């Protein structure tokens, strides 16, 4: 039996995968804070919640197949699966911050840092739940008296 055979563990891994991918998108926004005309991006949480609902009900996402990162230019490298075994990828969308500078850049570092902090807390919560669940499983399968 693999850890992903336990539905709670599969959901937590999917959640950690989403938040890890979101952290990367937020980091790209911060890295492009001075790029003229750059609009910050974020991952669409509605796709993530839809995928979680589908998995909890034991169904596939409605006729969508796997969610993938969008490549908006022919020079972009297509996304591939990560080493964690995650098969779900998330679509990034433009999400401008509250201000736009004269050069057309709409990244506000403070807003990106708040998003990064919230995302980190959600990731760490999912990680802690995952670790505790694995600990409970280990306790349950341990031989009596050991």
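Some points to look at:
Yes/no matrix, rows are residues, columns are (1) over 26 Å from residue 113 (Cβ atoms); (2) touching a strand residue (DSSP E or B) at 6+ places or on another chain (Cβ under 6 Å); (3) at pLDDT below 90:
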position: 3; (1), (2), (3): yes, no, yes
position: 23; (1), (2), (3): no, no, no
position: 30; (1), (2), (3): no, no, no
position: 45; (1), (2), (3): no, no, yes
position: 48; (1), (2), (3): no, no, yes
position: 54; (1), (2), (3): yes, no, yes
position: 62; (1), (2), (3): yes, no, yes
position: 70; (1), (2), (3): no, no, yes
position: 88; (1), (2), (3): yes, no, yes
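- Hey, residue 92 at pLDDT below 90, more than 16 Å from residue 10 (Cβ to Cβ), touching a helix residue (DSSP H, G or I) at 6+ places or on another chain (Cβ under 6 Å) and surrounded by 12 or more Cβ atoms within 10 Å (Cβ to Cβ) or not: yes
- Residues in the range 121-146 that are loosely packed, with under 14 Cβ neighbours inside 10 Å and within 21 Å of residue 48 (Cα to Cα): 121, 124, 128.
- When the range 8-29 is limited to residues that are out of contact with any helix residue (DSSP H, G or I) (no Cβ under 9 Å at 6 or more places or on another chain) and farther than 14 Å from residue 48 by Cα, the one that is surrounded by the fewest Cβ atoms within 10 Å (Cβ to Cβ) turns out to be 24.
For every residue, the table says whether it meets (1) within 18 Å of residue 132 (Cβ to Cβ); (2) in contact (Cβ under 8 Å) with a residue 12 or more places away in the chain; (3) in a helix (DSSP H, G or I).
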residue: 8; (1), (2), (3): yes, yes, yes
residue: 11; (1), (2), (3): yes, yes, yes
residue: 19; (1), (2), (3): yes, yes, yes
residue: 23; (1), (2), (3): no, yes, yes
residue: 34; (1), (2), (3): no, yes, no
residue: 37; (1), (2), (3): no, yes, no
residue: 42; (1), (2), (3): no, yes, no
residue: 46; (1), (2), (3): no, no, yes
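The values are calculated or read from the model by the stated rules, or taken from the named source; none is laboratory data. Remember, it's a predicted structure, so these values are computed and weren't measured experimentally. Please note: Cβ atoms are built from the backbone with ideal geometry, for glycine as well, and neighbour counts cover all protein chains shown.
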